[in-house]
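In what follows, a structure is listed as structure tokens, so that the remarks can point back to it.
The values are calculated or read from the model by the stated rules, or taken from the named source; none is laboratory data. These figures come from a predicted structure and were not determined experimentally. Every residue, glycine as well, gets a Cβ built from its backbone with ideal geometry; the counts of neighbours run over all protein chains shown. Just the protein is used for accessible areas: all its heavy atoms, side chains included, with ligands, DNA and RNA removed. Shrake-Rupley method; radii C 1.70, N 1.55, O 1.52, S 1.80 Å.
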Amino acid sequence: MVDNAPKLSVRNLSVRYGDKQALNGISLDVFPNEIFGIIGPANSGKTSFLRALNRMEEFDANMTVEGDILFEGQDITAIRNVYALRRKVGVVFPLPVGLPMSIYENVAFAPKLAGIKKKAELDEIVERCLIRAALWDEVKDRLDALGSLLSGGQQQRLTIARALSQNPELLLLDEFSIAVDPVTTMRIEDVLKELKEEITIVLVTNLVQQARRLADRTAFFLESELVETAETEELFSGVVKDQRTRDYVEGRFG
Amino acid sequence: MSLFARTGLDEHNRRVEWLVKTLFLLMTVLLIIPVALIMGILIQRGAPVLSWGFLTEVPTNGMTAGGIFTALIGTVWIVAVALLASVPIGVAAAVYLSEYAPDNWLTRAINLAIINLAGVPSIVHALFGLGAFVVFFGFGRSILAASLTLAVMTLPIVIVATRESLQAVPHAFREACWNMGATRWQTIRRVVLPNSISGILTGVILEVSRTAGETAPIMFTGAAAFLPFLPQGVLDQTMAMSLHLYVVSTQVPDVPDALPFGVALVLISMVLVMNATSIAFRIYLRNKRKW
Amino acid sequence: MADIAIETRDLNLWYGTFQALFDVNIQVKKGMITSLIGPSGCGKSTLLRTVNRVNERLGYVRTTGSVDVLGQDAFGEDVELARLRKEVGMVFQRPNPLPLSIRDNVLFSHRIHRGNAKASKSDEDVLLEDALRQVLLWDDVKDRLNQNATSLSLEEQQKLCIARLLPVKPSVLLMDEPTSALDPKATAALEELIWSFRGSYTILIVTHNMAQARRASEDCAFMLLGKMMEVAPTADLFLSPQLPETADYIEGRYG
Ligand SMILES: Nc1ncnc2c1ncn2[C@@H]1O[C@H](COP(=O)(O)OP(=O)(O)OP(=O)(O)O)[C@@H](O)[C@H]1O
Ligand SMILES: Nc1ncnc2c1ncn2[C@@H]1O[C@H](COP(=O)(O)OP(=O)(O)OP(=O)(O)O)[C@@H](O)[C@H]1O
Ligand SMILES: [Mg+2]
Ligand SMILES: [Mg+2]
């Protein structure tokens, strides 16, 4: 099913916070135009994995990353221009942060950084991204209201809209729907399925059902290690080799 | 008896609350009393000399008559040039210390040095200004030398105020921007600075007051006791309100009683007007605030 | 009357010019668990924050109508906010531990509400352990009780925020998506915990997890666009919703 070169190749990736090992020797490939799911219990290192992909160790003096991360064949742990990398990678973290500016400016922020100045073009991007994040209807009449005063779920969708506004090649989603109701989540999931025609998505979730609905392949993280990676359907139909994966997946369905 | 009515504990808490509040209010009033007294005395005794001419005429008769125009304009020059030098440097240094500098011994040493700089007596700054700007850089006694001396002296105010207000901006906002590929500077300019500007202005307000009122540092470096004309540029000497006040109160014989009070009143009013403007601006900015 | 813990009548609320609540009427029964569901942005958090009056801190908020808590007008003149908030504990969507040690966080409100009465260290230890055990945090943190609470993971922080309400024994607990930051295992444990509170506390819980509402609440209220659409026993609401909007929502239908 996937035969082309990987979009993302991770080899022997380890992440530490001080002395604490958060990820240990992870190796996996993510292919273009797939949704790659990552599931696992709390503190298994899923978020740390995404943080490493966006070179976020630079924000946290405590965090060290070892190993190779190849983005389209280029090792990002060595590149200088991390800004170019981050512009290509959209991220959504579970704690949504509406920037202290208007809703419009929140979404126009990244396009403006990328040099887009024309009002009409920005308007179009803002509207498209807010529609995709299922937020447009609620805020279209108050785009100049502060993004940081929206409801929790609205801020989360605003963060998604912001990530999409970067026109990313790779979208990293970390529990993107925890503050959003199921109906709205379904809307966004439909958008993600459409989006994967254009981009590659890594989806971290502790809702295994969500991984099952969306992911083409899924990796199971446990206690800082990658247990295994498999086609999502195999993983959920019990074909997988590792007993621990089966326990985790089945434990949720009870 | 309502369920949410006060209990003994609430009564106690209220009393403590009241006590604490009153105590703080008292302190504040204590602080205001001298200010009010000073203003009262100045107005009462200085008002007789106030007139349009007092503001727009140069001193005459060995400074015992005429106005204070040259000193007034001189102070405006000195404050403006000092701000021009210290605000950009101070804000830049604070931005560096808060946003860029790694947390290591050097950064901590610099921070410590800044705090110490704030404790240096103004007469020492005066001597430093004399040695550095007047002599070494060869600016002579001039507005430039005086303003730079004041700028050095007031830098810690701007730096500390700016640094504190930058650090009050939640870190999550920065990470959100960085994650979109914004550089540090883009993040600072679009998110961090706009949300800390009111704190920075507080520093500037304090600095204005300090700069306008200081006497010793400018006495040695650029302010003259008497000049019948206005400065033409930053390399000229000038009169200044604070020094003029010192001179008419202590150095010149036969000054009318009301004159020094009039000078002091104008000086304080100037500072008040500048402060009021920036406070109004600050409130305006804060009302637009954000999270 | 006596069996109603929270009652709102024609409650309207505006943030500036934006109206977030429209004539909300609801009765929350004492000792019951009532879940509050509805699409993101429909006003669930707003309603919760009105009950314990934390919305007032925003100068631009205006309310009309009334809120009764435990039979008393929550907006009445003699209401002491400290009393109201001791009776009405709240867990927020975002964990908000104080920048203190884990120990001090849990004991914080207890220390405040106990006034000058001294409690021995061993009394406090008992309260601390009991509260942390109830939220399944004890084993994880018992060796680092003096560590700063902000260093905990999001999940642990949220558990701590629930734990710190327990020592003062409130009668109403408002919970705003208390489990949304937790993994399924912790969520299940928390649901169980909340379920065990039934009878001793009145709980009004906002949740996006329909299964959770179904499993772990006795009454269910559905809100839409600032309006209270339907309040009914949970089983009835899920089996035979009265309004088409409710049916669409709980069946996950969308345009
Ligand atoms: N900024 C940090 N500083 C120190 N330790 C951290 C930090 N972030 C995570 N950790 C630790 O690293 C380990 C892995 O955390 P991580 O957040 O990657 O797990 P996760 O799988 O995303 O968990 P969850 O499902 O709870 O989000 C945990 O033990 C956590 O306590
Ligand atoms: N502080 C505020 N200032 C202005 N508008 C606000 C504020 N808080 C909430 N709102 C608006 O009021 C409406 C209701 O918000 P509320 O937080 O109650 O929603 P909610 O139902 O809790 O949503 P969610 O499920 O996303 O948490 C939203 O449209 C929101 O944008
Ligand atoms: Mg995580
Ligand atoms: Mg909410």
Take A:Lys112 and decide whether it is away from chain B (no Cβ under 13 Å) and either open to solvent by less than 40 Å² (accessible area, probe 1.4 Å) or without any contact (Cβ under 8 Å) to a residue 40 or more places away in the chain (or both).
no
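Taking the conditions exactly as written (within 9 Å of chain B (Cβ to nearest Cβ), modelled with pLDDT of 85 or more and out of contact with any helix residue (DSSP H, G or I) (no Cβ under 9 Å at 6 or more places or on another chain)), does C:Asp78 satisfy them or not?
Values: within 9 Å of chain B (Cβ to nearest Cβ): yes; modelled with pLDDT of 85 or more: no; out of contact with any helix residue (DSSP H, G or I) (no Cβ under 9 Å at 6 or more places or on another chain): yes.
So C:Asp78 does not fit the description; no.
Conditions (1) touching a Lys or Arg at 6+ places or on another chain (Cβ under 8 Å); (2) away from chain A (no Cβ under 14 Å), marked per residue:
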{"position": "B:Ile73", "(1), (2)": "no, yes"}
{"position": "B:Pro88", "(1), (2)": "no, yes"}
{"position": "B:Tyr100", "(1), (2)": "yes, no"}
{"position": "B:Thr107", "(1), (2)": "no, no"}
{"position": "B:Leu127", "(1), (2)": "no, yes"}
{"position": "B:Gly140", "(1), (2)": "no, yes"}
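Any residue in region B:5-16 that is within 14 Å of chain C (Cβ to nearest Cβ), in a loop (DSSP other than H, G, I, E, B) and open to solvent by 60 Å² or more (accessible area, probe 1.4 Å)?
So in region B:5-16, the residues within 14 Å of chain C (Cβ to nearest Cβ) come out as B:5-16.
Filter once more, keeping what is in a loop (DSSP other than H, G, I, E, B): B:5-7.
Next, only the ones that are open to solvent by 60 Å² or more (accessible area, probe 1.4 Å) stay: B:6.
Looking through region B:5-16, at least one residue is within 14 Å of chain C (Cβ to nearest Cβ), in a loop (DSSP other than H, G, I, E, B) and open to solvent by 60 Å² or more (accessible area, probe 1.4 Å).
Check every one of the helices (runs of 4 or more DSSP H) wholly within region C:142-255 and list those with 3 or more residues that are more than 16 Å from ligand 3 (Cβ to nearest atom) and aliphatic (A, V, I, L, M). It would help to see each step written out before you state the result.
Details: elements: C:154-163, C:184-196, C:210-216, C:234-239, C:244-250.
Here the list reads C:154-163, C:184-196, C:210-216, C:234-239.
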Would you check which residues across region A:10-59 are acidic (Asp, Glu) and either crowded, with 18+ Cβ neighbours inside 10 Å or under 26 Å from C:Pro184 (Cβ atoms) (or both) and list them?
A:Glu34, A:Glu57
Is it true that some residue in region B:252-275 is over 23 Å from the mean Cα position of the chain (by Cα) and within 13 Å of B:Ala71 (Cα to Cα)?
no
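Among the candidates C:Leu100, C:Leu58, C:Leu84, single out the residue that is out of contact with any strand residue (DSSP E or B) (no Cβ under 6 Å at 6 or more places or on another chain), of a type in the set (A, V, I, L, M) and within 16 Å of ligand 4 (Cβ to nearest atom).
Details: C:Leu100 fails: within 16 Å of ligand 4 (Cβ to nearest atom); C:Leu84 fails: within 16 Å of ligand 4 (Cβ to nearest atom).
None of the others qualify; the one that does is C:Leu58.
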Against the definition (over 26 Å from C:Gly31 (Cβ atoms), free of Cβ contacts under 8 Å to residues at least 12 places away in the same chain, open to solvent by less than 60 Å² (accessible area, probe 1.4 Å) and assigned to a helix (DSSP H, G or I)), how does C:Asp125 come out, yes or no?
yes
Enumeration of residues in region C:128-175 that are basic (Lys, Arg) and open to solvent by 30 Å² or more (accessible area, probe 1.4 Å):
C:Arg133, C:Lys142, C:Arg144, C:Arg164, C:Lys169
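For region A:183-210, how many residues meet the condition of being of a type in the set (Lys, Arg) and not in a loop (DSSP other than H, G, I, E, B)?
Number satisfying all stated conditions: 2.
Residue check: is C:Gly71 more than 12 Å from chain A (Cβ to nearest Cβ), open to solvent by less than 60 Å² (accessible area, probe 1.4 Å) and at positive phi?
Working: more than 12 Å from chain A (Cβ to nearest Cβ): yes; open to solvent by less than 60 Å² (accessible area, probe 1.4 Å): yes; at positive phi: yes.
Criteria met by C:Gly71.
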For region A:141-150, what are the residues that are within 8 Å of chain C (Cβ to nearest Cβ) and within 15 Å of ligand 4 (Cβ to nearest atom)?
A:Leu149, A:Leu150
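Regarding B:Pro217, is this residue open to solvent by less than 20 Å² (accessible area, probe 1.4 Å) and either of a type in the set (D, E, K, R) or in a helix (DSSP H, G or I) (or both)? First the steps, then the outcome.
Working: open to solvent by less than 20 Å² (accessible area, probe 1.4 Å): yes; either of a type in the set (D, E, K, R) or in a helix (DSSP H, G or I) (or both): yes.
Answer is yes for this residue.
Identify, please: which residue in region C:215-228 is at pLDDT 90 or above and out of contact with any Pro (no Cβ under 9 Å at 6 or more places or on another chain) and is, among those, nearest to the other protein chains (Cβ to nearest Cβ)?
Top of the filtered list is C:Gly226.
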I'd like to check which strands (runs of 3 or more DSSP E) are fully inside region A:1-118 and have at least 3 residues that are over 20 Å from the mean Cα position of the chain (by Cα) and more than 30 Å from A:Ala145 (Cβ to Cβ).
A:8-17, A:20-30, A:63-71
May I ask you to list the residues in region A:169-182 that are open to solvent by 10 Å² or more (accessible area, probe 1.4 Å) and either assigned to a strand (DSSP E or B) or away from ligand 1 (no atom under 16 Å from the Cβ) (or both)?
A:Glu169, A:Pro182
Kindly indicate the residue of region A:151-188 that is acidic (Asp, Glu) and touching a residue at least 40 places away in the same chain (Cβ under 8 Å) and also nearest to the other protein chains (Cβ to nearest Cβ) among those meeting that condition.
A:Glu175
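Given the criteria under 19 Å from B:Val158 (Cα atoms), of a type in the set (Lys, Arg) and open to solvent by 40 Å² or more (accessible area, probe 1.4 Å), does B:Arg108 qualify? So that I can check it myself, show each step before the final result.
Working: under 19 Å from B:Val158 (Cα atoms): yes; of a type in the set (Lys, Arg): yes; open to solvent by 40 Å² or more (accessible area, probe 1.4 Å): yes.
Criteria met by B:Arg108.
Restricting attention to strands (runs of 3 or more DSSP E) lying wholly within region C:1-72, give those where 1 or more residues are hydroxyl-bearing (Ser, Thr, Tyr).
Of the strands (runs of 3 or more DSSP E) lying wholly inside region C:1-72, those with at least 1 residues that are hydroxyl-bearing (Ser, Thr, Tyr) span C:4-15, C:33-37, C:61-69.
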Only one of (1) open to solvent by 30 Å² or more (accessible area, probe 1.4 Å); (2) within 19 Å of A:Arg187 (Cα to Cα); (3) in contact (Cβ under 8 Å) with a residue 12 or more places away in the chain; (4) not hydroxyl-bearing (Ser, Thr, Tyr) does not apply to A:Ile131, and that is (3)
Assuming B:Leu83 fulfils every condition listed in (1) within 21 Å of B:Leu144 (Cβ to Cβ); (2) open to solvent by less than 30 Å² (accessible area, probe 1.4 Å) apart from one, which condition is it?
(2)
Tell me, yes or no, whether region C:51-63 has at least one residue that is open to solvent by less than 30 Å² (accessible area, probe 1.4 Å) and within 16 Å of ligand 1 (Cβ to nearest atom).
no
Of all residues in region B:185-214 being outside any helix (DSSP H, G or I) and crowded, with 22+ Cβ neighbours inside 10 Å, the one that is nearest to the chain's Cα centre (by Cα):
B:Glu214
